[in-house]
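The values are calculated or read from the model by the stated rules, or taken from the named source; none is laboratory data. All values reported here derive from a predicted model rather than from experimental measurement. Cβ sites come from the backbone with ideal geometry, for glycine too, and all protein chains shown count toward neighbours.
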Amino acid sequence: MKHTEREMMQMREQVNEMWKLVISQLEKAKQAFFSNDTDIAREVISREKRVNAFELKIDSDCENYIALYSPVAIDLRLALSLIKISNTLERIGDFAAGIARHITDGDCNDTEESLIEELQIEKMFDTLLGMLLDGFVAFESENTKISVKIIGKDEEVDEIYFNALDVLAQYIEKHPSFSHCGLKIYLLIRKLERIGDHCSNIVEEIVFYVDAKVLKHVNKS
């Protein structure tokens, strides 16, 4: 195996490890949210530093790889994609930590279960975890055929998000004292919606790397 191939494999493996960590972060954020478990929430917040460290290492290694070996074609696309994917995973990690902080704040943890159910927050979490897992499989297998499926899931997340705005507005109108917590719940749901966007961005990078196609801004209003 060539030295350049070995370095590229190491960088890919770093991204894989980062990806697994971010999936775990989102899973634990979900667990903390639905169980009001501040210990798990603090664990998520603490592990955010590991996510950040992965991003810095991958950025540095990819930049050095490009500078030293002047890769072309698929090797260059992969190096560029690894940088962007790690950046995007770091943003998802930030949102997971932000969700965890909602729990550690502790001022809105007694929200009615019926409202949480109507907002479909659990479905949002599960859909996003599915997108992250499918993206990981697509990257590992270099199979871009499931990209349409993943991007389609983002549309489901967007629909839940927009419906949630109406649900929250009506609930706050009936329960004015809930305004503060209602806004915090909205910000949490907004974080989940943004995670969906970032999952789609990762898929775009996989398609760019494997198929040399640019999906960004295609069919977007």
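Determine if the range 9-25 includes at least one residue that is under 22 Å from L129 (Cβ atoms) and of a type in the set (G, A, S).
Checked the range 9-25: at least one residue is under 22 Å from L129 (Cβ atoms) and of a type in the set (G, A, S).
So, of the residues in the range 145-170 that are under 12 Å from I202 (Cβ atoms) and of a type in the set (V, I, T), which turns out to be surrounded by the most Cβ atoms within 10 Å (Cβ to Cβ)?
The residue in question is I150.
Here are some conditions: (1) under 22 Å from D197 (Cβ atoms); (2) surrounded by fewer than 18 Cβ atoms within 10 Å (Cβ to Cβ); (3) not small (G, A, S). P176 meets all but one. Which one does it not meet?
(1)
Of the residues Q10, Q25, only one is surrounded by 14 or more Cβ atoms within 10 Å (Cβ to Cβ) and either part of a helix (DSSP H, G or I) or touching a residue at least 60 places away in the same chain (Cβ under 8 Å) (or both); which? Please lay out each step first, then the result.
Numbers: Q10 fails: surrounded by 14 or more Cβ atoms within 10 Å (Cβ to Cβ).
Going through Q10, Q25 in turn, just one is surrounded by 14 or more Cβ atoms within 10 Å (Cβ to Cβ) and either part of a helix (DSSP H, G or I) or touching a residue at least 60 places away in the same chain (Cβ under 8 Å) (or both): Q25.
So is I74 part of a helix (DSSP H, G or I), at pLDDT below 95, in contact with a Cys (Cβ under 7 Å, 6 or more places away or on another chain) and over 30 Å from I172 (Cα atoms) or not? Before you say what the answer is, go through the steps one by one.
Values: part of a helix (DSSP H, G or I): yes; at pLDDT below 95: yes; in contact with a Cys (Cβ under 7 Å, 6 or more places away or on another chain): no; over 30 Å from I172 (Cα atoms): yes.
Answer is no for this residue.
Sort out which residues of the range 100-122 are surrounded by 14 or more Cβ atoms within 10 Å (Cβ to Cβ) and among the charged types (D, E, K, R), and write them in order of number.
Once the filter is applied, which keeps residues that are surrounded by 14 or more Cβ atoms within 10 Å (Cβ to Cβ) and among the charged types (D, E, K, R), the range 100-122 yields R101, E118.
Within the range 82-99, track down each residue that is hydrophobic (A, V, I, L, M, F, W, C) and within 18 Å of K20 (Cβ to Cβ).
Those that are hydrophobic (A, V, I, L, M, F, W, C) and within 18 Å of K20 (Cβ to Cβ): L82, I85, L89, I92, F95, A96, A97.
Determine whether F208 is assigned to a helix (DSSP H, G or I), within 16 Å of the chain's Cα centre (by Cα) and within 25 Å of L78 (Cβ to Cβ).
Working: assigned to a helix (DSSP H, G or I): yes; within 16 Å of the chain's Cα centre (by Cα): no; within 25 Å of L78 (Cβ to Cβ): yes.
Considered against the rule, which asks whether it is assigned to a helix (DSSP H, G or I), within 16 Å of the chain's Cα centre (by Cα) and within 25 Å of L78 (Cβ to Cβ), F208 comes out as no.
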